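*Asks:* Before I ask anything, here is the structure I am working with.
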Amino acid sequence: MNVPGQITEEGIRKNLFIGLGYMEAWIRGVGCVPINSLMEDAATAEVSRSQLWQWTRHGVTTAEGKRVDKAYSLKLLKECADELSAKAGKGNKFHLAAQYFAGQVTGEDYADFLTSLLYDEITAPGSPAPAAKL
């Protein structure tokens, strides 16, 4: 199947912002969150995660000519987590969300559901997050 359009860095970042935004809210016990003037939930985060995973897994090339690989995905994830965390101020969980999201956007891990990755965080606060190099 040929889908029209191109993969862009802007599109990758939008998916990262949606995934991180939702996961950070979920860790805080919030089931839906406003992102880009839309109310987003787990379904939107799953679509974003799936696109990121597939693009990295298959090493697609962006419209700008950049190959989407693990290093590039993790670089953009860190930049997005840093930006969201700085805007949100103290007490946010964006870097913690990024630790969980990292394995999901590199084309390696693919959990059944994003929310299941975070259950330990919401049922036993202070649980150690998975080791991820961001």
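*Asks:* Only one of (1) under 27 Å from T123 (Cα atoms); (2) part of a loop (DSSP other than H, G, I, E, B); (3) modelled with pLDDT of 95 or more fails for A81. Which number is that?
*Replies:* Of everything listed in (1) under 27 Å from T123 (Cα atoms); (2) part of a loop (DSSP other than H, G, I, E, B); (3) modelled with pLDDT of 95 or more, A81 misses just condition (2).
*Asks:* Can you pull out the residues in the range 74-102 that are open to solvent by 20 Å² or more (accessible area, probe 1.4 Å) and either of a type in the set (K, R) or closer than 18 Å to W55 by Cβ (or both)?
*Replies:* Those that are open to solvent by 20 Å² or more (accessible area, probe 1.4 Å) and either of a type in the set (K, R) or closer than 18 Å to W55 by Cβ (or both): L74, K75, K78, E79, K87, K90, K93.
*Asks:* Could you list, in sequence order, all residues of the range 103-126 that are surrounded by 12 or more Cβ atoms within 10 Å (Cβ to Cβ) and either at pLDDT 90 or above or outside any helix (DSSP H, G or I) (or both)?
*Replies:* Within the range 103-126, the subset surrounded by 12 or more Cβ atoms within 10 Å (Cβ to Cβ) is 103-111, 113-115, 117-122.
G103, Q104, V105, T106, G107, E108, D109, Y110, A111, F113, L118 - these are the residues of the range 103-126 that are surrounded by 12 or more Cβ atoms within 10 Å (Cβ to Cβ) and either at pLDDT 90 or above or outside any helix (DSSP H, G or I) (or both).
*Asks:* If you don't mind, another one. Among (1) at pLDDT 85 or above; (2) surrounded by fewer than 14 Cβ atoms within 10 Å (Cβ to Cβ); (3) out of contact with any Ser or Thr (no Cβ under 7 Å at 6 or more places or on another chain), which single condition is A63 missing?
*Replies:* Every listed condition holds for A63 apart from (3).
*Asks:* If we keep just the residues of the range 6-43 that are assigned to a helix (DSSP H, G or I) and at pLDDT below 85, which is least open to solvent (accessible area, probe 1.4 Å)? Full working, then the answer.
*Replies:* Going residue by residue through the range 6-43, those that are assigned to a helix (DSSP H, G or I) are 9-27, 42-43.
Adding the requirement that they be at pLDDT below 85 leaves 42-43.
Details: A42: 34, A43: 63 Å².
Among residues in the range 6-43 that are assigned to a helix (DSSP H, G or I) and at pLDDT below 85, the one least open to solvent (accessible area, probe 1.4 Å) is A42.
The values are calculated or read from the model by the stated rules, or taken from the named source; none is laboratory data. Everything numeric in this text was worked out from a predicted model, so none of it was measured. FYI the Cβ positions are ideal-geometry reconstructions off the backbone, even for glycines, and counts take in every protein chain you see. Surface accessibility is based on the protein's heavy atoms, side chains included, excluding ligands, DNA and RNA. Shrake-Rupley method; radii C 1.70, N 1.55, O 1.52, S 1.80 Å.
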